[in-house]
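Note sheet for the following structure.
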Amino acid sequence: MVKEAVLNAKAQEIELIAEDMKNSATIVVVDYLGLTVEEVTDYRKQLREAGVQMKVVKNTMLRRAAEKAGIEVPEDLFKGPSAIVFSDDVVNPAKISANFAKDNETLEIRGGIVEGQAASKEMIEQVAKMPGREELLSMLLSVLQAPMRNVASVLSQANPAQQMVYALNGVIDQKGAA
């Protein structure tokens, strides 16, 4: 009975992980072994602030969850101590993990899954270099505002009455100085 309860609990956990894998745009698999408690806490805090989750799961459960989610992953992806970092945002998990790995050499990115496809460590690092959602929205807003800004600038310079006022002010300043 106890064994059956444990198996049911594991099956439910695999189901939850598989669902997370299906719903995540990016999953980064990291080896966290060697990080201090403070470093792991800091890493998790950075992830949480960006809306990214991290789970430490046994490799056999990760393999089964990936299989259940219909995602093919290389055999070496889930070897050794593994944690998965995932989010519905494509860039944030990779960016935060890559930046943290730069500062803490003990954190190693093994690879991951991007949009349902297995990704190597190099691919994850390339994703990390992409602009994030907020940066892309800012760029889009700037592009959308540019035509209106240019029209306003042209109209303000083309106003003949305003140019006349500037010219008269210039003449008054000249006469007053003389």
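The values are calculated or read from the model by the stated rules, or taken from the named source; none is laboratory data. Since the structure is predicted, the reported quantities are computational estimates derived from the model, not experimental observations. Reconstructed Cβ throughout: ideal geometry from the backbone, glycine too, with neighbour counts over all protein chains shown. Surface areas here come from the heavy atoms of the whole protein model, side chains and all, with no ligands, DNA or RNA. Shrake-Rupley method; radii C 1.70, N 1.55, O 1.52, S 1.80 Å.
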Fill in the blank from the handout: Expressed in nanometres to one decimal, the distance between label points 7 Å along Cα→Cβ at R149 and K22 is 4.4
Completion exercise
Computed, not fitted: 222 nm per-residue ellipticity of the chain from DSSP H runs ≥ 4 (each -39500 (n - 2.57)), nearest 500, equal to -20500 deg cm²/dmol
Exercise for the section: Apply the Karplus parameterisation 6.51 cos²θ - 1.76 cosθ + 1.60, with θ equal to phi minus 60°, to every residue of the range 55-71 and state each ³J(HN,Hα) to the nearest whole Hz, in sequence, with x for glycine and proline. Expected result: 10, 9, 9, 5, 4, 5, 5, 5, 4, 5, 5, 5, 4, 5, 7, x, 10
Problem - Test item: Cα-centred dipole of the chain, Lys/Arg +1 and Asp/Glu -1 on Cβ, debye - result: 300
Practice task
Report, in debye and to the nearest 20, how large the dipole of the range 20-70 comes out about its Cα centre when Lys and Arg carry +1 and Asp and Glu carry -1 on their Cβ.
Solution key: 360
Problem - Ranked order, K102, K10 - accessible area, probe 1.4 Å, largest first - result: K102, K10
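List, in the order given, every pair from K45/K121; K10/K129; K3/K58; K10/K95 whose Cα-Cα distance in the structure shown is over 29 Å.
Working: K45/K121 23 Å; K10/K129 36 Å; K3/K58 18 Å; K10/K95 31 Å.
Cα-Cα > 29 Å for K10/K129; K10/K95; rest within.
Explain nothing, just the number: relative contact order of the range 1-130, from Cα pairs under 8 Å at least 6 residues apart, as a whole percent.
Value for the range 1-130: 36 percent.
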Completion exercise
the chain, Gaussian network, Cα under 10 Å: of R110, R63, R133, the residue fluctuating most is R133
Exercise for the section: Could you pull out the longest piece of the chain with no exposed loop GluC sites (Glu not before Pro) in it, calling a site exposed if DSSP puts it outside H, G, I, E, B and it has at most 16 other Cβ atoms within 10 Å? Expected result: 1-71
Practice task
Please express the Cα-Cα pair-distance distribution P(r) of the chain as a list of whole percents, one per 5 Å bin, running from 0 to the bin with the greatest distance.
Solution key: 1, 8, 13, 15, 13, 10, 6, 5, 4, 3, 3, 4, 4, 4, 3, 2, 1, 1, 0, 0, 0, 0
Completion exercise
Residue separation between E105 and A167 times 0.36 nm, minus their alpha-carbon distance, gives in nm 15.8 nm
Completion exercise
Residues other than E134 with Cβ under 14 Å of its Cβ, Lys/Arg counted +1 and Asp/Glu -1, net out at -1
Problem - Two-site label geometry, K175 and S138: point separation in nm, points 7 Å out along Cα→Cβ - result: 5.0
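Rank these by accessible area, largest first, 1.4 Å probe: T41, T26.
Most to least solvent-accessible, the answer reads T41, T26.
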Fill in the blank from the handout: Expressed as a percent, the accessible surface of the chain that is carbon or sulfur, using a 1.4 Å probe and the full set of protein chains, is 56
Fill in the blank from the handout: By accessible area (1.4 Å), largest first, I124, I96 order as I96, I124
Handout entry: Of Q117, V91, N104, farthest towards positive along the dipole that unit charges on Lys, Arg, Asp, Glu beta carbons give the range 71-126
Key = N104
Practice task
Could you do me a favour and compute the accessible area per residue for the range 1-130, 1.4 Å probe, result in Å²?
Solution key: 58
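Between V37 and K129, how high is the FRET efficiency from 1/(1 + (r/R0)^6) when r is the Cβ-Cβ distance and R₀ = 35 Å? Nearest 0.05. Let's see the in-between values first.
Values: r = 30 Å, r/R0 = 0.85.
After rounding, the FRET efficiency stands at 0.75.
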